[in-house]
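Throughout, read-outs are computed from the coordinates displayed, never taken from laboratory work. As the structure is a computational prediction, the values presented were derived from the model and not from experiment. Note: ideal-geometry Cβ built from the backbone for every residue, glycine included; neighbour counts use all protein chains shown.
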Amino acid sequence: MGLMDRIRGEFIDIIEWTDDGRDTIVWRFPRYGNEIKMGARLVVRESQVAVFVNEGRLADVYQPGTYTLSTQNMPVLSTLKGWKHGFESPFKAEVYFVTTRQFTDFKWGTQNPVILRDAEFGMVRVRAFGTFAAKVVDAAALLRELVGTDPQFRTEEVGEHLRQLIVSKLGSALGASGVPLLDLAARQDGIGQQLAGTLTQELSATGIAIPRFYIENISVPPEVEAAIDTRSRMAITGNLDDYAKLQAADAIPIAAANPGTGGDALGLGVGMALGQRIVQSTSGAAAPQAPAQPAPAATPAPAPAAADVPPPLPTAPRWFIAVGGQQQGPYDESALAGQVAAGHLTRTTLVWRSGQAAWQPADQVPELASLLADVPPPLPPQG
């Protein structure tokens with residue numbers, strides 16, 4: 001401080017602080033040589049407390065209000081000083097103003113995934129982020145444990161410590177909750193309240209409390225999201241055979257947009273399948289018969305010739321395929337075309353149908369050659 005600060009200190013007898021920022025937690029009142037006159041006026045506003053520190057020892061804590069600094073309202077300080085000369089000269093002391101309002105602009109997030117054990121999905125890696133509020137509830141403890149002699153203690157100085165503490169407690173809180181992964185979104189508020197209480201208890205020695213804690217989102221890796229989407233679609237479909245038919249139907253526009261051998265084969269397979277279904281749906285109904293004509297009395301009606309009776313309709317083969325070590329099927333040719341379009345049926349996929357002695361790769365079955373015409377062979381070994 002310069003000469004003007006020293007001269008100004010001889011006349012200023014009002015000690016107050018109006019916060020012009022939103023990130024200051026503790027502010028030390030500037031006074032030349034820390035000399036405060038006896039009888040000075042101390043103004044402590046709402047959402048503040050004032051702490052007097054004398055020669056490194058905490059003397060008094062003042063709640064909101066206006067005070068005249070004298071022995072009547074500083075019993076601890078007067079005991080420490082042991083004044084004997086009328087208390088008229090300035091005394092050496094420091095005044096710290098501490099903000100007690102809530103700071104709501106803290107953000108947190110998991111830098112690395114947290115591994116959880118889920119009853120349905122097994123081990124799952126999750127990430128989470130959100131916001132929280134912090135508040136000073138014990139100004140003296142805050143000065144002793146964190147602030148020290150810092151003339152201006154800001155939120156950025158304690159924010160990183162709070163975020164690290166949150167991440168360290170998040171995994172245990174999610175694991176102890178026992179909430180399945182699919183139900184976490186519905187239980188975020190309860191988990192947030194539980195974490196707020198745990199963090200407040202952990203920070204009690206520093207005089208800081210966490211009154212509000214919000215979890216905005218809990219996410220899983222993309223591959224887990226894809227598995228959840230696939231399971232949801234299968235659950236909506238309800239039947240694997242119907243699901244394969246749906247895939248085949250989805251592949252029709254793709255094949256139509258890419259004419260060629262594969263598209264022709266797919267169209268042929270779909271057409272054959274539709275024709276077979278129409279025949280199967282109508283084969284059970286009796287063919288209409290013409291009204292019987294009265295036969296001449298002298299000539300008996302001839303017996304129907306055996307050559308005029310058509311043979312039974314052929315039954316479409318039913319195929320099974322091995323995908324991921326699991327047997328799937330049975331599929332007709334139209335459903336197999338859908339499996340080719342979806343990438344599940346390749347040249348090396350094992351297939352089987354009635355009449356085969358064992359499972360065989362698809363490219364060794366002549367009946368499937370037309371379906372695999374546009375499917376490339378496996379890549380050669382890379383050097």
Placing each pseudo-label 7 Å from Cα in the direction of the beta carbon, residue 186 and residue 308 end up separated by a distance in nanometres of 6.9
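If the chain between residue 234 and residue 149 were fully stretched, how many nm would it gain, using 0.36 nm times the residue separation less the Cα-Cα distance?
Values: separation 85, 0.36 × 85 = 30.60 nm, distance 6.39 nm.
So the extension gain works out to 24.2 nm.
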Long-range amide H partners of residue 212, meaning residues 5 or more apart or on another chain whose placed amide H is closer than 5 Å, are 133
Between residue 354 and residue 119, Cβ-based FRET efficiency (R0 51 Å, step 0.05) works out to 0.80
Of 175-186, 363-374, 43-54, ordering from highest average Cβ density within 10 Å down gives 43-54, 363-374, 175-186
Protection proxy (average C-beta count within 10 Å per residue), highest first, orders 205-213, 220-228 as 205-213, 220-228
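Restricting attention to segment 97-200, which trypsin sites (Lys or Arg not before Pro) occupy a DSSP loop and are surrounded by at most 16 other Cβ atoms within 10 Å?
On the way: sites: 101, 107, 117, 125, 127, 135, 144, 154, 163, 169, 187; in loops: 101.
Within segment 97-200, the qualifying trypsin sites (Lys or Arg not before Pro) (loop, at most 16 other Cβ atoms within 10 Å) are 101.
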If the chain between residue 219 and residue 172 were fully extended at 0.36 nm per residue, the gain over the current Cα-Cα distance would be 15.2 nm
